[in-house]
Amino acid sequence: MPRPSSSPSKSSDPPPADYPLPFLTDPDAASKPIPPSTTLPYRLNLHPISRLTIANIFAFAAVFIPTTIRTAHISSLVYRAENAHRLPEKRADWFHYHRAKNHYAASKGLAEGFKRAGGVCGYVSLFLVVEGAVDGWKGGVDFVGSLVGGGVTGGWFGVARKLPLPTKALMVKKGLWYGFVYGVAQDVMLAMRGERVFWIDPFVSRGREIVKRGKGVRSGVGVGDNTSEGR
């Protein structure tokens, strides 16, 4: 009785289901189409989290440093004015006087600096979050997100400061204007990077057509001149 042949399994057989790394031996992995990317282009060529972090760092530093210095200077003058009637007479007392004055000025300056810088960082974060939310809702990046973000930030500034209604409207108008300018600048940067922007792309396409026509006309004139000279 012949023995059954114990031939090794063919290499074309699929790997078992419990193979630890099936994607390494999948023969159809190379032929599978790659799904299109749905990620929106980054504003300023920065990830949203990185852009939010960098913007808050710059906003905090730009407000905290000058506010702290100015408030500390004013507080030192206030301390001197409030204690002008009881200036020290001894040298050792002057040391304690200046130490108390510097402590008072530093505490007032740091408190005011953190307060104002924190408020500005809140407005910056609100603007960037609204801008990103509008971009995600629209499915595209353009100046509309910056426009809406500026308007919302200006309106919230008026509400938080309890400004009168005409001043609130003015804040919203200024926010819309600054957001529009900032958004247009970002759109220009995106177009320079090769991204498609809905209001810039028609001008770019028209410019390319004009350049192509100009090149075609110049090449046609050159050919005609050469043929006429040959005759």
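Values quoted throughout were computed directly from the atomic coordinates according to the rules given, and no laboratory measurement underlies them. All of these numbers come straight from a predicted model, not from anything done at the bench. Reconstructed Cβ throughout: ideal geometry from the backbone, glycine too, with neighbour counts over all protein chains shown.
Explain nothing, just compute: Karplus ³J(HN,Hα) = 6.51 cos²θ - 1.76 cosθ + 1.60, θ = phi - 60°, for every residue of the stretch 95-112 in order, whole Hz, x for Gly and Pro.
Ordered by residue, 3J(HN,Hα) equals 4, 5, 5, 5, 5, 5, 5, 5, 5, 5, 5, 5, 5, 5, x, 5, 4, 5 Hz.
Once phi is turned into θ = phi - 60°, what whole-Hz ³J(HN,Hα) does the Karplus curve with 6.51, -1.76 and 1.60 give for every residue of the stretch 69-81, x standing for Gly and Pro?
5, 5, 5, 5, 5, 5, 5, 5, 5, 5, 4, 5, 5
So how far apart, in nm, are the two label points at VAL181 and HIS47 if each is 7 Å from Cα heading toward Cβ?
The modelled label-to-label distance comes out at 3.2 nm.
Students often get this wrong, so check it: of LYS108/LYS162; LYS108/LYS168; LYS115/LYS138; LYS101/LYS162; LYS138/LYS174; LYS108/LYS173, which have C-alpha atoms separated by over 27 Å?
LYS108/LYS168; LYS115/LYS138; LYS101/LYS162; LYS108/LYS173
For a quick protection proxy, order the peptides 179-188, 143-152, 114-123, 95-104 by their average other-Cβ count within 10 Å, most packed first.
Averaged packing, sorted descending, gives the order 143-152, 179-188, 114-123, 95-104.
What is the list of residues in the stretch 39-73 whose amide nitrogen lies under 13 Å from a point 7 angstrom out from the Cα of ALA160, following Cα to Cβ?
Hits in the stretch 39-73 for ALA160 at 13 Å: 60.
Please list, in order along the stretch 150-167, the HN-Hα scalar couplings obtained from phi with the Karplus expression 6.51 cos²θ - 1.76 cosθ + 1.60 (θ = phi - 60°), rounded to whole Hz, x for Gly and Pro.
x, x, 5, 5, x, x, 5, 4, x, 5, 5, 8, 6, 7, x, 4, x, 5
For the stretch 141-194, state what percent of all Cα-Cα pairs lands in each successive 5 Å bin, counting from 0 Å until the bin that includes the largest distance.
The distribution over the stretch 141-194 is 5, 24, 23, 17, 12, 8, 6, 3, 1, given as percents.
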